[in-house]
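Structure record follows, encoded as structure tokens.
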Amino acid sequence: MLWGQHLATYIEDEQRRTDILRGTGVSFILGGINVRYRRPLLYPDTVLIAQTVALPISEDRFTIQAIAYSVNQGAVASSGDQLCVMYDYVKLKKCPIPEDLRQVMEEQGRRTAAGQQQTQPQSGSATPKA
């Protein structure tokens, strides 16, 4: 999962980085997924995938929000949510999100939220008439 690889680049602790990339030690596991298909994708096309952490993050789980964007159609083809649970692969049970990992994910979520606010039209703004 590219999102996990990207996340790992921000983790300073080498063992935690390895655990995330390999799904060993303390890492996360997919707890559930929900996909909303909006339009069909047709070959050939280029599809861009964007993922971010949804805020707030709970003690032992977090949600990754994703969209798939069709370049040919110029529109979002699908969106979805992936519920991830922190999991201790040695003890074989869920566990709290480590603080260093939580900080990285919360920062990513804040950056994404700030970017979304900058691209949203101001409420009450007038739309030019043709």
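Each reported figure results from applying straightforward, stated rules to the coordinates on display, with no laboratory input. If you're wondering where the values come from, they're calculated on a predicted model, not measured in any experiment. For neighbour counting, all protein chains shown are included, and Cβ atoms are generated from backbone atoms with ideal geometry for every residue, glycine included.
Filter the range 72-100 down to the residues that are among the charged types (D, E, K, R), within 21 Å of the chain's Cα centre (by Cα) and not in a strand (DSSP E or B) and list them by number.
Step one: list which residues in the range 72-100 are among the charged types (D, E, K, R), which gives 81, 88, 91, 93-94, 99-100.
Next, only the ones that are within 21 Å of the chain's Cα centre (by Cα) stay: 81, 88, 94, 99-100.
Of everything in the range 72-100, those that are among the charged types (D, E, K, R), within 21 Å of the chain's Cα centre (by Cα) and not in a strand (DSSP E or B) turn out to be 99, 100.
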Discussion item. Tell me whether the range 34-57 contains one or more residues that are under 17 Å from the mean Cα position of the chain (by Cα), without any contact (Cβ under 8 Å) to a residue 40 or more places away in the chain and closer than 16 Å to residue 85 by Cβ.
Written reply: yes
Worksheet item: Quick check: anything in the range 15-35 assigned to a strand (DSSP E or B) and loosely packed, with under 11 Cβ neighbours inside 10 Å?
Response: yes
